[in-house]
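Asker: Please find one structure pasted underneath; my questions will follow.
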């Protein structure tokens, strides 16, 4: 497979970056995932980290060849991450389980498949236009669908940050699955948390992508989004992939484009702040990491 990929995360004006993100790819299949820990609940960064680690670990276990049922894989992985969060909360006798949104995408055999829970978004941008997108599991999305408010009114609605679906909640997550999306050369799949998409209009972004590649364009747009949000800017994270021509070597910087990797190997990049000392205590970083990985292993199969 040949594709250009970009990944970055900013803390914004917050004390902690509760976003986590990653991409991982083998010879024939790519995973991209973003989780946005919910700040209104205890320790959202724990839920986000468990989610990204769980989904990435399952991917590396199962994607030695193209996945037979990529949408089933995404659904099962989201639910495994949810169970891992609950297991961690139970193990530590937390009064409230950490919670996170999530959006994930599988690319293989020239097709894309995605899933989401919450309001982290995925866009497919093609030829300067929006080809497909996720629809938030949010209060304002329900109002839009009911015809009670417009998309423009939703941008300033007092309930714009209220979501009704996530991983780590009291109920199992609702996982919305896409249709199969055949990719065309030049298609860009962009996934982001609300700290980014709330400040970057999609028509503007789609137009910009007709003139610049994601590696050159997105760093500046992330800075713009952070600046527009001001001193209280939310965490903002982006993973984006542009599908390249597959049968010829394109004139693209080799460090941003994948090529064949060892048959049994994966290349993985994790983003957002690493598991930090404030997850448990200053003295227990290694134990916290070990416990998270233990919870993942118990529920990942």
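Read-outs: derived from the displayed coordinates by stated rules, not from any lab. It should be emphasised that the depicted structure is a prediction, and the values quoted were computed from it without experimental measurement. Neighbour counts run over all protein chains shown; Cβ positions are idealised from the backbone, glycine included.
Asker: Students often check this: by mean Cβ neighbours within 10 Å, which of 10-20, 128-138, 74-84 ranks highest, and how do the rest follow?
Answerer: Values: 10-20: 21.2, 128-138: 16.9, 74-84: 23.6.
Order by mean packing, descending: 74-84, 10-20, 128-138.
Asker: Provide the gained length on full extension for the span residue 184 to residue 61, in nm with one decimal, where the gain is 0.36 nm per separating residue minus the Cα-Cα distance. Don't jump to the answer; show the numbers that get you there.
Answerer: Working: separation 123, 0.36 × 123 = 44.28 nm, distance 2.84 nm.
Result for the pair: 41.4 nm of gain on full extension.
Asker: How far is it, in nm, from the label point at residue 153 to the one at residue 132 when both lie 7 Å from their Cα along the line to the Cβ?
Answerer: Distance between the two pseudo-spin positions: 3.1 nm.
Asker: How large are Rg and Dmax for the range 25-184 when only the alpha carbon atoms are used, in Å?
Answerer: Rg, Dmax (Cα atoms, Å): 16.4, 51.
Asker: Using the 10 angstrom Cβ neighbour count as an exposure proxy, how do 55, 149, 85 rank, fewest first? Show your work: numbers first, answer last.
Answerer: Values: 55 28, 149 18, 85 31.
Ascending Cβ contact count within 10 Å gives the list 149, 55, 85.
Asker: Which value, in nm² and rounded to one decimal, describes the direction-averaged projected area of the C-alpha convex hull of the range 1-112?
Answerer: 7.5 nm²
Asker: In square nanometres, what is the average projected area of the Cα convex hull of the range 125-191? Mind showing how you got there, number by number?
Answerer: Details: hull surface 25.2 nm².
Average projection, Cα convex hull of the range 125-191: 6.3 nm².
Asker: Could you tell me what % of all Cα pairs in the range 108-222 have separations over 20 Å? Don't jump to the answer; show the numbers that get you there.
Answerer: On the way: 3177 of 6555 pairs.
Tail fraction, whole percent: 48.
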